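Everything on this sheet refers to the single structure shown next.
Just so you know, all these numbers are worked out from the coordinates, no wet-lab data involved. Keep in mind that what you see is a predicted model, and the values were worked out from it rather than measured. Note: ideal-geometry Cβ built from the backbone for every residue, glycine included; neighbour counts use all protein chains shown.
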Amino acid sequence: MLHLSHKIFSVFSLDKDIGGISTMIELSTIVMSSEVKQVNLFLLKDTATFNLISDKFKKKKNVTIFEISLLDKIFIKIGILSNKIKKNIFNSDIIFIHNAKLASCFNTIYKVKPIILFFHTDKNKQIKMLKNITRVFAVNNQTKELINNFFKNKKAFLLPNCIKIDNKKYLQKTKSKDIVIGAMGRFVTKKGFDLLIQVIQMYQENQKVKLLIAGDGPLMHSYKRLIKNNKNIQLLGWVKDKERFFSKIDIFCIPSKIEPFGIVILEAMARGIPVISTRCHGPLDIIKNNKNGILININNKNEMKSAIDLLKNNAEIRKNISKNGLDTIKYKYTIEAYKKNLFSLLTDVLK
């Protein structure tokens, strides 16, 4: 491990909502602040992300949170930084950003300070924005290779996300006489929840298969119309108590059309819940088919139903996949593993 007790890191994000990026800002800050002298977080004020992160680190002495106003945001996007931001940037050893669109805002700083991007997306159109980024941390192998092929050099490195887990051992149990399927995420087209709803609608009421979807978004009303009066399907809205949600389900499904990583996969696995996912870039890295989860082709209702039936009708398979999923988390996706990966990728940047 590097000796970092004298280093200062600055982290920028204009993310508005609680979600995957907010979670990784929190977890990466936990890791960074455990080793370095100071972590400066520049976050858009009066947002869910700002409120969440502020609450988490308000008692952490070596983490300082700076408010970015809407006016600051406008100026940052055209490359104009306030004196307060400039001062902290030039006192920092590394600048981390959580959005590729911020890359051009720091072009003038690129020559004097290393800029590292946490690349959370699969959007190919953003790759061309990465020219002046010192290093890119991609969350899946497919995106890492795509970036490196585009720039013809080793600019991108794999840094999978992580989760916090406690020492409590989760055991997969059937919570009721019904098999309960769970899903979670924003109600947008790329998440594919309409396909999962249609799959559950294939089951008759007496087959005792229920679906709980936690989340919200622009497609909420569309999904409500799709469900109609199906009593086996519930849209829960955003859930604050994830433990309660996961305690109710037997199988977790990811029907996404695009999924760069999928922290919810880790969250389900860590609780001993078997996961069915489409073959998106992130899940392909995490899941070994029929070992620690089940992979199906994107937009394939028949494969989704067959995978649900397999787990629904075979408690032993559910148990084995649950155990293997939990082992996967313990060995690959803990905060300790993330910390080791992160600082090993910074060794030559900090020389």
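Here is how the numbers come out for the structure above:
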| quantity | calculated |
| --- | --- |
| Label-point separation in nm, R279 to D216, each point 7 Å along Cα→Cβ | 3.6 nm |
| Sorted peptide list for 133-139, 276-282, criterion being average Cβ within 10 angstrom, highest first | 276-282, 133-139 |
| Alpha carbon centroid spacing (whole Å) that separates region 234-266 from region 124-141 | 28 Å |
| In nm, spacing of pseudo-spin labels at N51 and N300 (7 Å Cα→C-beta vector) | 4.2 nm |
| Above-threshold pairs, the threshold being 23 Å between Cα atoms, out of K128/K152; K60/K131; K56/K319; K37/K60; K45/K128 | K60/K131; K56/K319; K45/K128 |
| Cα-Cα P(r), the chain, percent of pairs per 20 Å interval | 29, 55, 16, 0 |
| Modelled FRET efficiency - R0 30 Å, D309 with K77, Cβ distances, 0.05 increments | 0.05 |
| Where Rh is the Kirkwood radius over Cα pairs, Rg/Rh for region 305-351 | 1.34 |
| Computed [θ] at 222 nm, helices only, for the chain once each DSSP H run of length n ≥ 4 contributes -39500 (n - 2.57) | -10500 deg cm²/dmol |
| Calculated SAXS-style log₁₀ I(q)/I(0) at q = 0.11, 0.14, 0.25 Å⁻¹ - region 217-303, Debye, Cα scatterers | -0.35, -0.57, -1.32 |
| Chain lengthening between K288 and N230 when straightened (0.36 nm per residue, less Cα-Cα) | 17.5 nm |
| Axial C-alpha extent at least 15 Å, average Kyte-Doolittle at least 0.5 - helices from the chain (DSSP) | 20-33 |
| FRET efficiency, 1/(1 + (r/R0)^6) with R0 45 Å, evaluated for N206 and K128 via beta carbons | 0.25 |
| Anchor K58: aspartates and glutamates whose Cα lies under 20 Å away (excluding residues fewer than 8 positions away in-chain) | D15, D17, E26, E35, D46, E67 |
| Ordering of 81-88, 39-46 by packing [mean C-beta count within 10 Å, highest first] | 39-46, 81-88 |
